[in-house]
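Below is one structure, written out as structure tokens; the observations come after it.
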Amino acid sequence: MISIDNAQNEIGLPDHIDDGREWAEWLLKKADGIKSGDFLTVPRSAVLKKELQQLEQCLNTMKAEWQKKFALMELIYELEAHFLVEESSND
């Protein structure tokens, strides 16, 4: 686990900070130098939930389509097998 002193050294604090008020002042000074473009905007959870629901619906639609395709392929294989049996019995 990293100590407070090590953390202060890692982030480049010039002096040792003991007080929570000093931390707050340092953070405010640091925040003044940060531009809004430096942040990553994260959508609200409601937006993410809606997107997740849309993706799940799309996935369910794709699964249903694949199930139909596999069912059709099984029918084709059965017909092909039937025709092969019928053809061999006619020979």
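May I have the convex hull volume per residue, in Å³, for the Cα set of segment 42-91?
On the way: hull volume 2.0 nm³, N = 50.
Cα convex hull per residue, to the nearest whole number: 40 Å³.
Work out how much length L75 to S45 would gain on full extension: take 0.36 nm times their residue separation and subtract the Cα-Cα distance, in nm to one decimal. It would help to have the intermediate numbers written out before the result.
Values: separation 30, 0.36 × 30 = 10.80 nm, distance 4.48 nm.
Stretched fully, the L75-S45 segment lengthens by 6.3 nm.
Only the coordinates and a few stated rules stand behind these numbers; no lab work does. Remember, it's a predicted structure, so these values are computed and weren't measured experimentally.
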